[in-house]
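Written out below as structure tokens is the structure these notes cover.
The values are calculated or read from the model by the stated rules, or taken from the named source; none is laboratory data. Just so it is clear, the structure is predicted and the values come from calculations on it, not from any experiment. Cβ sites come from the backbone with ideal geometry, for glycine too, and all protein chains shown count toward neighbours. When the accessible area is computed, the model is the full protein with side chains, heavy atoms only, and any ligands, DNA or RNA have been set aside. Shrake-Rupley method; radii C 1.70, N 1.55, O 1.52, S 1.80 Å.
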Amino acid sequence: MYTSRISGLGHYVPEHIVTNDDLSKIMDTSDTWIQERTGIKERRHIKEGDGNTTAIMGAKAARIALERANVSKNDIELIIFATLSPDMYFPGGGVQIQDILDMDTVPALDVRNQCSGFIYALSVADQYIKTGMYQNVLVIGSENHSGGLDMTTRGRSVSVIFGDGAGAAVVSRSTKEGQGILSTHLHSEGAHAEELVLMGPSMKNWVPAIIEENPTDNIPYFPYMNGKLVFKNAVTRFAEVINEGLQANKLSSSDIDMLIPHQANLRISQFIQNKFQLSDNQVFNNIQKYGNTTAASIPIALTEAWEQDKIKEGDLVVLAAFGSGFTWASAVMRW
């Protein structure tokens, strides 16, 4: 029986740092206001002329992951690309990765599950490998939020939260029993789809209609978030899906060596840490530096935790995410 494991990790973030003080110069906000509500101190934004796009950042992260996995681009049999901010409305970013990395005509698919996108993509890779269809799958999460945010006081409740970046993992076949991805758990609740949403442009709400029918204080091509409802659902679903993963593997929270939560809000992560009675050494957060990078959040954090030797062979690693959709997911791995 085949299992799958992460054989290589990489991440990339733009060099341009945007601090809370920088934002306070262009909107009515402050470092104190942002940190108290989100825990974020700074984030990275693509800067005009730096050559970055969602796909290009994804490719940069992928090259690092491939090198660390000691896997050639020609060994990759499937690309899975998770993003809410593709370079083009269509086609998706996966085919761009195939082109940028100069790969053979490898299949590529895109996952549009926003904050839980990387875990959903990881779950797909895991199943393809476990069935014996593929040996090496490239999974990428990449986001260019700064290109679509309302950087004024009107949009500050959303715009101060998000940053740009990419993370990647090579998922490879393993025959070592008890190692690698033990289980993944996926959920959705579409009743709340419009509580964290970007309404247009879409086929339902295309550009001319947006321009003609919407007042300037209600612009649907900027993201909208019902923050209180999202927070309330997030802390509930995070706990549920983490417990689901532990119970499926006959484990308890005391078995967790490292929890990597989606970096949505430091207050959510701290709530979950306290609920499961985990120490600071058992939870990794980097939202302070990067903000919420949506589908890139978990692979960036996972890569940094591994680079800092906070994850070692044999450790039980749990990934968990909640976001727009609403969708939520977890993955339990033995490193």
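Model label points for residue 151 and residue 176, set 7 angstrom from Cα along the Cα-to-Cβ axis, are 4.5 nm apart.
Principal-axis analysis of the Cα atoms of the chain puts helix 54-69 at an angle of about 20° to the longest axis. Element breakdown for region 55-210 at a 1.4 angstrom probe: carbon and sulfur atoms account for 52% of the accessible area.
Full extension of the chain between residue 75 and residue 25 gives 13.2 nm of extra length, using 0.36 nm per residue less the Cα-Cα distance.
What's the local net charge at residue 81, with K and R +1, D and E -1, over the other residues with C-beta under 13 Å away?
It works out to a net charge of -3.
Name the shape class, rounded, prolate or oblate, that the alpha-carbon gyration tensor gives for region 1-143, where a ≥ b ≥ c are the square roots of its eigenvalues, rounded holds for a/c under 1.5, and otherwise prolate holds if a/b is larger than b/c and oblate otherwise.
Cα axes put region 1-143 in the prolate bin.
With each label modelled as a point 7 angstrom along the Cα→C-beta vector, the residue 88-residue 236 pair spans 4.1 nm.
Sort 78-86, 13-21, 61-69 for me by packing, meaning the mean count of neighbouring Cβ atoms within 10 Å per residue, highest on top.
Numbers: 78-86: 26.0, 13-21: 16.9, 61-69: 21.3.
Most protected by this proxy first, the peptides run 78-86, 61-69, 13-21.
With axes computed from alpha carbons, what is the tilt in degrees of helix 227-248 against the longest principal axis of the chain, rounded to the nearest 10 within 0 to 90? Helix 227-248 sits roughly 0 degrees off the main axis of the chain. Residue ranges 144-155, 26-37 sort as 144-155, 26-37 when ordered by packing (mean number of other C-beta atoms within 10 Å per residue, highest first).
As an exercise, take the mean of 1/r over every pair of distinct alpha carbons in region 254-330, invert it, and state the Kirkwood radius in angstroms. Walk me through the numbers before you get to the answer.
Working: mean 1/r = 0.0794 Å⁻¹.
Every distinct Cα pair counted, the radius reaches 12.6 Å.
Counting only heavy atoms of protein chains, what accessible area per residue, in Å², does region 277-334 have with a probe of 1.4 Å?
Ligands and nucleic acids excluded, the figure is 29 Å² per residue.
Among 180-193, 319-332, how do they line up from the highest to the lowest mean number of other beta-carbon atoms within 10 Å?
Numbers: 180-193: 16.4, 319-332: 26.1.
My ranking of the peptides, most packed first, is 319-332, 180-193.
Taking a straight line from the alpha carbon of residue 130, these lysines sit under 16 Å away, with near neighbours fewer than eight places off in the same chain left out: 176.
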